[in-house]
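One structure is given below, encoded as structure tokens.
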Amino acid sequence: MAKTKATSLERENLEAHVDMCEQRYINLESRLDKIEAKVEHIHNDITHGNKSLTKVIIGATGTIVAGLLSTIVVLLINFS
């Protein structure tokens, strides 16, 4: 991050200082807006990933339950 030093003009002239501060705050606001957009994009990616992971877990659980039930049915039929 670039550090800015107060110029001699800013030290001597309050209006110049105010103008420079305004420009600095505009730059800061712009950078914060970019960061907010990136964070929101990351949040959306994580949310989408969690939904996909939930679907995979439910599918895997259903497959395991179906496999166990079919094994139980086969065992009951063979032992009857």
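The values are calculated or read from the model by the stated rules, or taken from the named source; none is laboratory data. None of these values were measured; they are calculated from a predicted model. Cβ placement follows ideal geometry from the backbone for every residue including glycine, while neighbour counts extend to all protein chains displayed.
Does GLU10 fit the bill of being in contact with a helix residue (DSSP H, G or I) (Cβ under 9 Å, 6 or more places away or on another chain) and among the acidic types (Asp, Glu)?
yes
Here's the yes/no breakdown for (1) out of contact with any Gly (no Cβ under 8 Å at 6 or more places or on another chain); (2) among the aromatic types (Phe, Trp, Tyr); (3) surrounded by 10 or more Cβ atoms within 10 Å (Cβ to Cβ):
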position: ALA16; (1), (2), (3): yes, no, yes
position: TYR25; (1), (2), (3): yes, yes, yes
position: GLY62; (1), (2), (3): yes, no, yes
position: VAL65; (1), (2), (3): yes, no, yes
position: SER70; (1), (2), (3): yes, no, yes
position: SER80; (1), (2), (3): yes, no, no
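Looking at (1) modelled with pLDDT under 95; (2) more than 18 Å from the chain's Cα centre (by Cα), can you tell me which one LEU53 breaks?
Here LEU53 clears every test but (2).
If only one of LEU68, LEU28, LEU75 is within 37 Å of the chain's Cα centre (by Cα), hydrophobic (A, V, I, L, M, F, W, C) and part of a helix (DSSP H, G or I), which one is it?
The match here is LEU28.
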